[in-house]
Amino acid sequence: MGANTIRSTHNPSSPKLRQLANQLGFFVIEEAFDTWTYAKNGNVNDLSRYFHQAVGEENAAHLKRVNSQATSWAQYSTEAMVWSAKHNPSVLMWSVGNELIEGFSADVSHYPDVMRSICQWLAAIDTSKPITFGDNKLKESDFYWNKQAAQMAELLSQLESPQGVVGLNYANGEDYDRLHQQHSHWIIYGSETASAINSRSYYQKTKKIVHDTYGLTSYDHATVDWGAVASQAWYDTITRDFVAGECVWTGFDYLGEPTPWNKIDSGAADTWPSPKNAYFGILDTAGFPKDSYYFYQSQWANNQTTLHLLQAWREDCLYLDEQGLVEVVVYSNATSVQLLFEDEQGGLKNYGTKAFDTMTTPVEHAYQLYQGDDASKTPHENLYLTWRIPYQKGLLRAVAYDASGKQIQKTSGHFQVRTYGAVAQLTWQAFEAPIETVQELLYLELSLLDKAGELVSHAQELIRIEVEGPAQLLALDNGNPVDHTLYHLSSRQTYGGKLLVILALTG
């Protein structure tokens, strides 16, 4: 996909994650806390309960590198994070916390002092990596405790050894511009961006929320009230040289926070079964990529040509506007893309070629933007290509070209989609795995296809798995937010025509 950084929200990462990051070439932002002295969202059993408490004599006798029973749990937790990870080449920055003035209403006038203490604990062990935090209040100039948030950011910015970096959560382009103008000495980045909400393989709507099915459009059009769609968040980043980059919420869907059907009290969020997991991910809980995966790949992965059509071409799975037109989106980093359609009788129609212009920032970061006569008036929507064409059964195909007009043969993504029929076959493909797990776990992607080999992307068929030989079934997943089937059971429905099977190899 082209990502190069993992922010370990909102706790320190595991040694295994850091080991993989070391091997695969990812940076890691190690994060210590999700709150400091106040319980967040009413969770009175979070670390705030112990933050300033001393570890005590009994614990001090068993904890590593604790020289005094008066050491606070805050200091111990901070130092333990650094000692555990400081020698990992993947660790890029230490984060002192996330949205520290969120989820409660209380006096935080002492928070700049807490920040100062944590920075001192960090610097006493390691001065080679910058210190940062992820803050969502700096952008709110009318927020009551904005002064304290600004003091904390200023404290970071004045650090010299190590350096301090200010992370902004859910800032938009105007926020970046204003804060940069007011604090030009701050080094800033988007520590948490987007929060786009999408289902995989859901094209019946192009906008917003579908309450009757708990489906969220796979088009890049849906986000939470405080966030931005994927293309908007990236456009706000790439067009500003003073913004170092972005950390997208999130890489994967995860259990909990099924916004917009999220709640923190007991009971179903809406009708049952209500969603169990978030929709924020670029990949779903089964690890299957949503279409946004290929948007990011088209922007970040310069070592390959992305060419990806949104994956459905069947009338009952699509949204047709009042003119009977379908929004066809192509994510690509090719110079130009041609859209072709072949009907069931073999007739070919050319819907034209659209070419990107290369845009260059003052410090020569380059990105592509479509600026044709039919370009969107919303700039970020021109980071990808859009056609609106009438629906007809057949084959839709995208063709990529380089700057010399030569067709690019090798591309990443799904460059064509065909009107599919009934399920006629089941295929499987093994996921590539890290070397050390090849002899331990096997991940299989099962797909339901029609007789022509096209994915039946709306198929929800019950699959039962039986294992023979030296292997054990560990889990099944389909990425469906409203499927509450236990993961360890041997049968589960497909979702979007797919099912993940995880086997433990015992021979």
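Read the figures in this text as sums done on the coordinates, not as results from a lab. Computed from a predicted structure; not experimentally measured. Every residue, glycine among them, receives a Cβ derived from its backbone with ideal geometry; neighbour counts consider all protein chains shown.
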>> Which entries of K276/K377; K205/K377; K290/K377 have Cα-Cα distances beyond 29 Å here?
In response: K276/K377
> Residue-wise, which Karplus ³J(HN,Hα) couplings in Hz belong to the range 127-143, taking 6.51 cos²θ - 1.76 cosθ + 1.60, θ = phi - 60°, and x for glycine or proline?
Replying inline: 10, 8, 10, x, 10, 9, 8, x, 10, 10, 10, 4, 6, 9, 5, 9, 5
> Can you work out ³J(HN,Hα) from phi for every residue in the range 146-152, in order, using Karplus 6.51 cos²θ - 1.76 cosθ + 1.60 and θ = phi - 60°, giving whole Hz and x for Gly and Pro?
Replying inline: 4, 4, 5, 4, 5, 5, 5
> Among the lysines, which fall within straight-line cross-link reach of K129, defined as a Cα-Cα distance under 27 Å, with same-chain neighbours fewer than 8 residues apart omitted?
Replying inline: K16, K64, K86, K137, K139, K147
> Rounded if a/c is under 1.5, else prolate if a/b is larger than b/c, else oblate: which is the range 397-483, with a ≥ b ≥ c the root eigenvalues of its Cα gyration tensor?
Replying inline: oblate
> ³J(HN,Hα) across the range 98-107 via Karplus (A = 6.51, B = -1.76, C = 1.60, θ = phi - 60°), whole Hz, x for Gly/Pro?
Replying inline: 10, 6, 6, 10, 9, x, 7, 10, 6, 6
>> Is the C-alpha gyration tensor of the chain telling us rounded, prolate or oblate? Criteria: a/c under 1.5 is rounded; beyond that, a/b larger than b/c is prolate, otherwise oblate.
In response: prolate
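Grab the beta carbon distance between H484 and W428, set R0 = 25 Å, and tell me the FRET efficiency rounded to 0.05.
0.50
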> Once amide H atoms are built 1.01 Å from N in the peptide plane, which residues 5 or more positions from N277, or in another chain, come under 5 Å H to H?
Replying inline: G256
>> Skipping prolines and chain starts, which residues have an amide H placed within reach, meaning under 5 Å, of the one on Q493, given they are 5 or more residues away or on another chain?
In response: I463
> What ranking do M1, M115 get, fewest neighbouring Cβ atoms within 10 angstrom at the top?
Replying inline: M1, M115
>> Based only on other Cβ atoms within 10 Å, what is the fewest-to-most ordering of K290, K451, K410, K276?
In response: K410, K451, K276, K290
>> Between I125 and L348, what is the label-point separation in nm under the 7 Å Cα-to-beta-carbon projection?
In response: 6.4 nm
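Can you put S90, S404, S72, S141 in order, fewest other beta carbons within 10 Å first?
Details: S90 22, S404 6, S72 17, S141 12.
Sorted ascending by nearby Cβ count, the order is S404, S141, S72, S90.
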>> Can you compute the FRET efficiency between L340 and D177 using 1/(1 + (r/R0)^6), with r the Cβ-Cβ distance and R0 = 56 Å? Round to the nearest 0.05.
In response: 0.85
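Express as a percent, rounded to the nearest 5, the fraction of DSSP beta bridges in the chain (both residues included) that run antiparallel.
Within the chain, antiparallel bridges account for around 70 percent of the total.
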> Counting only residues 5 or more places away or on other chains, whose amide H sits under 5 Å from the amide H of I389 once H atoms are built in the peptide plane?
Replying inline: V326, V328
>> Based on alpha-carbon centroids, what's the gap between the range 110-125 and the range 131-200 in Å, whole number please?
In response: 18 Å
> Based on the Cβ-Cβ distance of W83 and A375, what FRET efficiency does E = 1/(1 + (r/R0)^6) give at R0 = 56 Å, to the nearest 0.05?
Replying inline: 0.60
>> Quick check: the angle from helix 15-24's long axis to the longest principal axis of the chain, C-alpha only, nearest 10 degrees?
In response: 50 degrees
> Roughly how many whole Å is it from the C-alpha centroid of the range 228-299 to that of the range 5-58?
Replying inline: 21 Å
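For the range 355-507, what relative contact order do you get, as a whole percent, if you take Cα pairs closer than 8 Å and at least 6 residues apart?
The value is 17 percent.
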> Helix 73-85 sits at what angle to the longest principal axis of the chain, using alpha carbons and giving 0 to 90 degrees rounded to 10?
Replying inline: 60 degrees
> When ranked by the protection proxy of mean other Cβ atoms within 10 Å per residue, highest first, what sequence do the peptides 186-193, 381-388 form?
Replying inline: 186-193, 381-388
> Which of the peptides 79-89, 194-204, 358-368 is most tightly packed, and how do the rest follow, going by the mean number of other Cβ atoms within 10 Å of each residue?
Replying inline: 194-204, 79-89, 358-368
>> Among 419-432, 230-243, 319-332, how do they line up by average Cβ neighbours within 10 Å per residue, starting with the highest?
In response: 230-243, 319-332, 419-432
> Taking the Cα-to-Cβ direction at Y50 and at S161 and moving 7 Å from each Cα, how far apart do the two end points lie in nm?
Replying inline: 3.5 nm
> Quick one: helix 111-125 against the long Cα principal axis of the chain, what's the angle to the nearest 10°, folded into 0 to 90?
Replying inline: 90 degrees
